[in-house]
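Step one of this worksheet: look at the structure below.
Read-outs throughout are calculated quantities, based only on the coordinates presented, and are distinct from any laboratory measurement. Since we're looking at a predicted model, the values are computed, not measured. We place every Cβ from the backbone using ideal geometry, glycine too, and count neighbours over all the protein chains shown.
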Amino acid sequence: MTPTTSTAPALTDPAATDSAVQPHVTADGRQIGGVLMDMRNITLRFGGVVAIKDISFDIREGEIRAIIGPNGAGKSSMMNVMSGFYVPQEGEVWFRGQRRPQMKPYEVARLGIARTFQNIALFDGMSVLDNIMTGRLTMMKSSLLEQALWWGRAEREETWHREKVEKIIDFLEIQNIRKTPVGRLPYGLKKRVELARALAAEPKLLMLDEPMAGMNVEEKEDMSRFILDVNDEFGTTIALIEHDMGVVMDLSDRVVVMDYGRKIGDGTPDQIRSNQQVIDAYLGVAHD
Amino acid sequence: MEQFLYAAEVVVNGLMAGVMYALVALGFVLIYKASGVFNYAQGVMALFAALTLVGLQNGQVPFAHMINATFGTHLDTFGWTLPAIVAIALTALVMVGLAIAIEKLVLKHLVNQVPIILFMATIGLAWFLEGLGDVMWGADIKMLDVGVPKGASEALMTVTEQWTGYGFYIDRLDIWAAAIAAMLVAALMVFSQYTKQGRALRAVADDHQAALSVGISLRFIWVLVWSIAGFVALVAGIMWGSKSGVQFSLSLIALKALPVLMLGGFTSIPGAIVGGLIIGVGEKLFEFYVGPLVGGATENWFAYVLALIFLVFRPQGLFGEKIIERV
Amino acid sequence: MLYREAGDFKTSYREDSQTFPLRLDRWGYYATLAVAFLVIPLVINDYWANAVLVPFLVYSIAALGLNILTGYAGQVSLGTGGFMAVGAYATYKLSTSFPDISILIHILLAGGITAVVGMLFGLPSLRIKGFYLAVATLAAQFFLVWLFNKVPWFYNYSASGQITAPERTVLGWFVTGPQTSAPAKYLVCLVFAVGLAWIARNLTRGTVGRKWMAIRDMDIAAEIIGVNPLTAKLTAFAVSSFFVGVAGALFFSVYLGAAEVGEAFGINKSFLILFMVIIGGLGSIFGSFAGAAFLVLLPVLLKNVLVGTLGWPTDLAAHIELMIVGALIVVFLIVEPHGLAQLWRLTKEKLRLWPFPH
Ligand SMILES: Nc1ncnc2c1ncn2[C@@H]1O[C@H](COP(=O)(O)OP(=O)(O)OP(=O)(O)O)[C@@H](O)[C@H]1O
Ligand SMILES: [Mg+2]
């Protein structure tokens, strides 16, 4: 990786500087910076199915960026491309001003990208605490030998990361289930633990795939509060897929709208609300 | 030319061995498709069926060894012999009984377990059946003769002699086995196409949830499919047993159905057949060409290594479609 | 009112993550170790060493190894017997080639060699999963057994094709060969078992253990949160095979003294150890010991009852044993898929609440 973008002109992104939205401070005082991730002309096919068709959009530092669209629009697929889990047939992914080469998902994670999943993907056989600790695996440096003998860095690391994780546990108010195997938790709490695991990675970019699906109003309010707090307190950039329009319009700074793999809208919540194409797409398709 | 003809003979014999592997693999596929259970015990079921068949045919007293040891008696046989066809029919009934017992005692209690647990349960089952077979019928090697012709096929030898100048040695038993295997597959096809039970079976294989929701009883399906697999095991047991005697190694040979399945895929009947043939021919050819250089007996591992290497390059198997996993 | 957490407060995260958080558990553990190291060696005789304790310890090590791979990392292996053979033949070659070096070092090296072989056969696990992998490990089993059978170099061209452990001493005591005393055999195996169990515990509670379990529980999610599946799986294969290799080395050199590969390390050994892990409890260190103890004691017990009391011939007893073990596996999977370890946990849970059940 090249350390800075300005010294590597070949890799610098000219589009980033003259993008439509300049860095600014939001009404509630949050700092929106330059482009953090830029998806350019992404096309993704599964055999004959075109899941994503030539879509471009960017995500700016510090913002909450929503991706919405009817079922099957290709939102999760897009997030999987961002994770490096799906390899798009065409298009480029730029991250922090550099073109991201073809990478394995675990390498992407090390760049500071963490996420949650639409269908909860926790490690069912492990306790809540261990699940959250896995969020910090990319930062653990001790060698196998040190770990085998529980000596040197191995023990120090464990204690140090445990302290960090305990802060997140406090933040998300899940102290009392620390030692519970996640398999036994109710759905809403699982979603919260998954968020905790992603937060434990201290990501630059946090991606949430339908974090509120299947929750009741109260749980949704809690989750919204957490998302806002994360964005506010840690300045974490957030990409959010969500079906609940109310939540999306409340939380997000900008919204991308997808339908049948195409992008049909991109802008602030107000702009999206008055976008005729978006209205049509949503009226034409039954969704939850 | 001579060398080529030898090789050709090896290929033909390999094909015949492959039919045997395919027969056992077929039983696996049936059960896996209908119930998602990876039935490790399929090979032992073949052994058990063959032991039972011999025992019934010769009028052996079941558990004689144990009864004698306990009561100091000298039981051996009832002193009758059954006609092959009667013994086969009775053994088929025993296999149905076994299927019912397995469903009642094992599967019913493991319905919601993950596949690996079910797999391990069938390993336990395999041990149990192996022990049971030995205790019931004795562990000595037995001859099985239900009238399937054996020995070199003179006719083929003469014909090939005339055509190529080299008489192919092909066991008549193998020819019979191939024919019977083909008939079995055809019968299964007919069964699954044209009978009510067969259609239910296909429905379950296609879509578990949907089939259950239209009222097909899963328990009935399990008994049905394990019975069919038991019958297939019986056929395989008869063929293997007639060829090389009924003994424990039969279940080890049946283990070779596993690499066959890896090649052909766990859910494909054509896959089981093609995979069986490939492995049968492959291991015979390998032993023929490479065996002498490395000390022989390569058949012990060739099938597994071939399947392993093949899967590394094509994880979806011969006929499977490439699946992109989702999250 | 004895077995309680009350009054046993943790004041640091370090204390909280120790192996035996409860004081009473800790005492129990130290007491067991004290008995194992100080009392048993004084009272052990040949029968107990050969029939029970030495095989128990050796199988425990093998079960620990397989449990790391299958129970923690979720990769089912049916090749344990083959890998034990690698450990055995490596010790044999090393100790006959370098007689001046301590046998203990040879045993550890044999573990290392097995780790390398294990990694080699673990490579396909990156592309092959689940049942397919289980079947693929059979390739290791059959190929390795064949190899040690067919290449005379491995058994030093001995006429019988067997390998026989040379006589070696540690601190002046015989630990291999016919002159070895029961306490010496037992203590060598005990030291390895305790040391390796401690290492297994350390590995599984820390970073690499979490990687393994993440891969086991949901490999895709694990990769997306930053676990490199290749290194995670290969370390699991390496560590597991190291344990299994050491077990094979001890099995051959200390326990059997002489071995023929097909007999000592055949496919049934693979299954036996898999069963130990299942009955003991997947993903549990205690379970590995419990499972080994169970399957070592069961045949001894059955033999005493069937042959000793009922007077049945041994071959019949062996077949009955096969049935009973097979049936027990099924029963265990039905009643308690998490094995003896879980039963033990539940019992402790009850004790903790006793005498007030709520
Ligand atoms: N791994 C895959 N293999 C084949 N097709 C896939 C795969 N993943 C997604 N698809 C297809 O791509 C299309 C987009 O799916 P995607 O999951 O991205 O939609 P979505 O917008 O997240 O929908 P939802 O709101 O239901 O979550 C769908 O047609 C889906 O079937
Ligand atoms: Mg989705």
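Things to note:
- The range C:22-266, Rg to Rh (Cα coordinates; Rh as Kirkwood inverse mean 1/r): 1.00
- Positive-end ranking of C:L310, B:G147, A:F234 along the dipole of the protein assembly as shown, with charges on Cβ about the Cα centre, is headed by C:L310.
- Across chain C, C-alpha contacts under 8 Å between residues 6 or more apart give a mean separation that, scaled by the residue count, equals a relative contact order of 29 percent.
- The loop-placed chymotrypsin sites (Phe, Trp or Tyr not before Pro) in the range B:1-95, going by DSSP, that have at most 15 neighbouring Cβ atoms within 10 Å of their Cβ come out as B:F78, B:W80.
- Principal semi-axes in Å for the range A:89-137 [√(5λ), Cα gyration tensor, largest first]: 28, 13, 8
- Taking GluC sites (Glu not before Pro) in DSSP loop conformation with at most 12 other Cβ atoms inside 10 Å as exposed sites, chain B has its longest uninterrupted site-free stretch at B:1-320.
- Near C:W344: Cβ cut-off under 15 Å, other residues only, Lys/Arg at +1 and Asp/Glu at -1. The net charge is +1.
- Sequence-distant residues sharing a close amide H with A:A239 (under 5 Å, placed H): A:R65, A:L206, A:M207, A:L208
- Exposure here means at most 12 other Cβ atoms within 10 Å; with trypsin sites (Lys or Arg not before Pro) in a DSSP loop as sites, the longest stretch of chain A lacking them is A:1-140.
- For chain B, the fraction of C-alpha pairs more than 27 angstrom apart is 48%.
- Candidate aspartates and glutamates - alpha carbon under 14 Å from C:K350, same-chain residues fewer than 8 apart omitted: C:E5
- For chain A, DSSP calls about 60 percent of its internal beta bridges antiparallel.
- Reachable lysines from B:K150, criterion Cα separation under 22 angstrom, eight or more residues apart if same chain: B:K142, B:K243, B:K284
- Modelled FRET efficiency - R0 51 Å, C:L38 with A:N176, Cβ distances, 0.05 increments: 0.75
- Around B:P62: net Lys/Arg minus Asp/Glu count, Cβ-Cβ under 13 Å: -2
- Estimated distance in nm for a label pair at C:K150 and B:L75, the labels positioned 7 Å out from Cα along Cα-to-Cβ: 4.6
- Taken along the Cα-to-beta-carbon direction at a fixed 7 Å, the label points for C:V335 and B:N112 span 2.1 nm.
- Sites matching trypsin sites (Lys or Arg not before Pro) across the range B:145-205 that sit in DSSP coil, with at most 11 neighbouring C-beta atoms within 10 Å: none
- Ratio of Rg to Rh over the protein assembly as shown (Cα coordinates, Kirkwood Rh, two decimals): 1.01
- Helix-only CD estimate at 222 nm, as mean residue ellipticity for chain B, using -39500 (n - 2.57) per DSSP H run (n ≥ 4): -23500 deg cm²/dmol
- Over chain A, Cα pairs under 8 Å with separation of 6+ residues give a relative contact order of 24 percent.
- Over all other residues within a Cβ to Cβ distance under 13 Å of B:L15, the charged ones net out to -3, with Lys and Arg as +1 and Asp and Glu as -1.
- Projecting the Cα atoms of A:I264, C:Y255, B:V86 onto the charge dipole of the protein assembly as shown, computed from C-beta unit charges around the Cα centre, puts C:Y255 farthest toward the positive end.
- Most simply put, the protein assembly as shown has about 65% antiparallel DSSP beta bridges, counting only bridges with both residues inside it.
- Cross-link table A:K141/A:K179; A:K190/A:K263; B:K196/B:K256; B:K104/C:K233, entries beyond 27 Å C-alpha to C-alpha: A:K190/A:K263; B:K196/B:K256; B:K104/C:K233
- Helical runs (DSSP H, four residues minimum) scored at -39500 (n - 2.57) apiece and divided by the length of chain A put the mean residue ellipticity at 222 nm at -10000 deg cm²/dmol.
- The range B:2-313 - charge dipole about Cα centre, Lys and Arg +1 at Cβ, Asp and Glu -1, debye rounded to 20: 1020
- Here the sum of -39500 (n - 2.57) over DSSP H runs of 4 or more residues, divided by the residues of chain C, equals -20500 deg cm²/dmol at 222 nm, to the nearest 500.
- The magnitude of the dipole of the range A:126-202, with charges of +1 and -1 set on the Cβ of Lys/Arg and Asp/Glu and taken from the Cα centre, is near 240 debye.
- Of the chymotrypsin sites (Phe, Trp or Tyr not before Pro) found in the range C:126-209, the ones in coil according to DSSP and having at most 10 other Cβ atoms within 10 Å of their Cβ are C:Y157.
- For the protein assembly as shown, the Cβ-based charge dipole about the Cα centre amounts to some 820 debye (Lys, Arg positive; Asp, Glu negative; other atoms uncharged).
- Comparing A:A200, B:A64, A:S83 along the charge dipole axis of the protein assembly as shown, the residue lying farthest to the positive side is B:A64, per the Cβ-charge model.
- If R0 is taken as 45 Å, the Cβ-Cβ distance between B:L252 and A:T159 corresponds to a FRET efficiency of 0.30.
- Nearest-0.05 FRET efficiency for C:L22 and B:Q197, computed from C-beta distance (R0 51 Å): 0.35
- Most mobile of C:A184, C:A317, C:A197 in a GNM of chain C (Cα contacts under 10 Å): C:A317
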